[in-house]
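Here is the structure we will look at, set down as structure tokens.
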Amino acid sequence: MESYRTEEEQVEALKRWWKENGTSTLVAVLLAVAVGSGWQGWQARQQAQAEAASMLFQQFLDTLGASEQSGDAAAGEALATRLATEYDGTAYARFAELHLARLHVADGDLGAAEAALRTVLAETSPKEDLHRVAKLRLGRLLAARGDTEDALALLVTDGANPYAGAYAMARGDVLLAAGRDDEASAAYREAQSLADPARPLPGLAEKLDYLNPQPPTAGAQG
């Protein structure tokens, strides 16, 4: 399983995967529902729906790229809202909810952001990448709101998580903000042990140095 340093890398990977596989995946889900709903005429309608969802999702991804350049998030928000409402129950919608949560945080609406992230958690499996991303972001959101213990409870994971190191680093950040330096240092060391040495977690080394300053060498003193 590929390992990701941050949730942003995970989201980029999800974008690539859905761009390549989203239509066929949505068709499979819709056809599974069709088995118990009557087949005649249904297959063609659902194929058309899947293709429309795929086109809207591609438009959404293109808009995200443009908005990152322009700083205008309105178009991306509108498309994300359409995906979340018109294709509710699909991974397209859950990905859109993840994006909407990010926009809500940027707007300072932490309540709406939390609701969007909890929707993703409720409608995905704990082993799914979207679930893991949403859980990590929700933990950081709760910490920003001052709910330290709830955040720490969410940020517990195991080595099977492809970015367990990012979870450990997030726990360190929460603990550091709460003034629990020794626990933060332990969490950062755990993150360091879980991370790929060839792809270190951004900022982790600096945080460890801050909490564990090294005495100056004799040469430096002289």
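Could you tell me whether any residue of segment 144-151 is in contact with a Pro (Cβ under 9 Å, 6 or more places away or on another chain) and outside any loop (DSSP other than H, G, I, E, B)?
No, there is no match, as no residue in segment 144-151 is in contact with a Pro (Cβ under 9 Å, 6 or more places away or on another chain) and outside any loop (DSSP other than H, G, I, E, B).
List the residue pairs whose Cβ atoms are under 7 Å apart, where the first residue sits in segment 201-222 and is at pLDDT below 90, the second is of a type outside the set (Ser, Thr, Tyr), and the two are 6 or more positions apart or on different chains.
Within 7 Å, the pairs are LEU201/ARG5; LEU201/GLY165; LEU201/ALA166; LEU201/MET169; LEU201/ALA191; LEU201/ALA195; PRO202/ARG5.
Conditions (1) at pLDDT 85 or above; (2) under 13 Å from the mean Cα position of the chain (by Cα), marked per residue:
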{"residue": "ALA53", "(1), (2)": "no, no"}
{"residue": "GLN69", "(1), (2)": "no, no"}
{"residue": "ALA73", "(1), (2)": "no, no"}
{"residue": "ALA84", "(1), (2)": "yes, no"}
{"residue": "LEU110", "(1), (2)": "yes, no"}
{"residue": "ALA113", "(1), (2)": "yes, yes"}
{"residue": "ALA122", "(1), (2)": "yes, no"}
{"residue": "LEU136", "(1), (2)": "yes, yes"}
{"residue": "LEU141", "(1), (2)": "yes, yes"}
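So the check is Cβ under 6 Å with 6+ separation or different chains; which pairs have a first residue in segment 124-141 that's surrounded by fewer than 20 Cβ atoms within 10 Å (Cβ to Cβ) and a second one that's of a type in the set (Val, Ile, Thr) and in a loop (DSSP other than H, G, I, E, B)?
HIS131/THR124
Please pick out the residue among LEU79, LEU100 that is at pLDDT 65 or above, crowded, with 16+ Cβ neighbours inside 10 Å and farther than 27 Å from PRO162 by Cβ.
On inspection, the qualifying residue turns out to be LEU79.
Is it true that some residue in segment 98-114 is under 16 Å from GLN58 (Cα atoms), free of Cβ contacts under 8 Å to residues at least 60 places away in the same chain and not charged (D, E, K, R)?
yes
The values are calculated or read from the model by the stated rules, or taken from the named source; none is laboratory data. All values derive from a computational prediction rather than experimental measurement. Note that each Cβ is placed from the backbone with ideal geometry, even for glycine, and that neighbours are counted across all protein chains shown.
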